[in-house]
Amino acid sequence: MADRVTVIGWDGSPLTEAARAALGAATLVAGAAHHLALPEIPPAAERIRLGSVSLAARRIAAHRGTAVVLADGDPGFFGVVRALRAPEFGMEIEVVPAVSSVAAAFARAGMPWDDAQVVVAHPRTLRRAVNVCRAHTKVAVLTAPGAGPAELGLLLDGVHRTFVICEELGTEREQVSVVTSDNAADHTWRDPNVVIVIGGPVGAAEGGGWIAGRDPGTGPRGWVQRDEVYGGGLGEGETQLLRAAQLARLGPRVGDLVWDIGCGSGAFAAEAARAGAAVIAVDRLPDACARTDAAARRFGVQLQVVRGTAPHILENLPEPDVVRVGGGGAVVVSAVTDRRPQRIVTHAATRDEAELVGRGLTEHGYRVECALLQSVELDTRAWTETERNVAFLLTGELLRREAPR
């Protein structure tokens, strides 16, 4: 096992005294090509090109001597430190940090970043990273080959965003470019790069915030709001308590894409977006689309509104994680199951309709739950009934484990 392992962060600035001392004593150095060209590396030291971190970690663990690992930015922030500390390698490491590439990117852009979401995009996580970019106004994306600015732009089709793309930060080839998301695929971008994705109203909170990323305490309390907040005229599937049950069954979260089909007033779509999920709200009526846009503005959330009639309009939408079907019945539910979301929630006014939808979900490989919900509103001045709502709430949960998307 290596006598000592030091991980040094590098941001292009001169190495600190501690970093130079560690490098000077190293008998093995691992890093990218530009790290291994640093003049401070002893000529006699063994050099390892850092591709697969796990393979490099095995060689370092077996090395008899003093090892140094060089990494861009802060190696403890989405970096190699986590991999090197895996129990199977049994290494104790010392870290010499540097300015993270995310902090450097925002510095180049002249923007604060305590209110930004930070995500890592690999080919296996690209879709979820894109969903965060759909849902939030300021996101930093640490990219990887096959999951870079071009791929982000292509998957954000229909959603306008501004990209600040920082290539090869800290090197002589460093370049910062500003493009729109729909033009990002027209260029070839050099790795490594960080993409700052901006969309919607972005501004510094008065006096600054108190928590990094999105403040979960903004907006009114409660998963759902009173019906009158949405201006009245809600459909039978949009009542407050039914929406609460639908949200609880779907559990939308950051990184998810929610379809709200038959969005009506926009109440459910806005409330799912408040949970941090990306939302595509679909309705055939212009008034419903306008009300949904208004609801999103009222609560300061990002969502995409698509006008069209389901199920045909669904064909070109990106893959959903969870879906609420507010209108269209069994035909639309059947079309949704073909896209294999993890959960589907809908409602029915009658038992016959509920049984029809439930059979369709079962035939497509979903486990079905159904509950008859009845809510009675009371005037608390006289404790008399003012309104009664009854609906069958159906939930379909995908039984067969799907391959990661």
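The values are calculated or read from the model by the stated rules, or taken from the named source; none is laboratory data. Predicted model, so just to flag it, every value in this text is computed and none were measured. Here Cβ is always computed from backbone atoms with ideal geometry, including for glycine, and neighbour counts include all displayed protein chains. When the accessible area is computed, the model is the full protein with side chains, heavy atoms only, and any ligands, DNA or RNA have been set aside. Shrake-Rupley method; radii C 1.70, N 1.55, O 1.52, S 1.80 Å.
Descending by average beta-carbon neighbour count within 10 Å, the peptides 269-278, 211-220 line up as 269-278, 211-220, the highest first. State in Å² the accessible area per residue of the chain; use a 1.4 Å probe, count heavy atoms of protein chains only, and round to the nearest integer. I get 49 Å² per residue for this part. Among ASP379, ASP352, ASP72, the largest mean-square fluctuation in a Gaussian network model of the chain (Cα springs under 10 Å) belongs to ASP379. Note on the range 1-88: the C-alpha convex hull projects to 5.2 nm² when averaged across all orientations.
Assuming R0 = 25 Å, can you tell me the calculated FRET efficiency for the pair ASP157 and THR188, based on Cβ-Cβ distance, to the nearest 0.05? E between ASP157 and THR188, to the nearest 0.05, is 0.80.
Taking the highest mean first, how do the peptides 191-197, 322-328, 287-293, 82-88 order by number of other beta carbon atoms within 10 angstrom per residue? Don't skip to the answer; put the middle values down first.
Working: 191-197: 23.0, 322-328: 24.9, 287-293: 19.4, 82-88: 13.7.
Taking the mean over residues of other Cβ atoms within 10 Å, the ranking is 322-328, 191-197, 287-293, 82-88.
Taking a point 7 Å from the Cα of GLU363 along the Cα-to-Cβ direction, the residues of the range 310-336 with backbone N closer than 19 Å to it are 311-312, 328-336. Rolling a 1.4 Å probe over the protein heavy atoms of the chain, with every protein chain left in place, gives an accessible area that is 52 percent carbon and sulfur.
About its Cα centre, what dipole magnitude does the chain give when the only charges are +1 on Lys and Arg Cβ and -1 on Asp and Glu Cβ, stated in debye to the nearest 20? It would help to have the intermediate numbers written out before the result.
On the way: 42 positive and 48 negative charges, 147 e Å.
With only Lys, Arg, Asp and Glu charged at Cβ, the dipole is about 700 debye.
Think of it as helices only: each DSSP H run of n ≥ 4 in the chain is worth -39500 (n - 2.57), and spread over all residues that comes to -7500 deg cm²/dmol at 222 nm. Peptides 148-160, 102-114 ranked from most to least packed by the mean count of surrounding Cβ atoms within 10 Å: 148-160, 102-114. Subtracting the Cα-Cα distance of THR16 and GLU315 from their residue separation scaled by 0.36 nm leaves 102.1 nm.
What FRET efficiency comes out for the pair ASP338/GLU46, r = Cβ-Cβ distance, R0 = 45 Å, nearest 0.05? Mind showing how you got there, number by number?
On the way: r = 54 Å, r/R0 = 1.21.
Taking R0 as 45 Å, the efficiency between ASP338 and GLU46 is 0.25.
Taking label positions 7 Å along the Cα-Cβ direction at both THR380 and ARG173, the computed distance is 6.6 nm, reported to one decimal.
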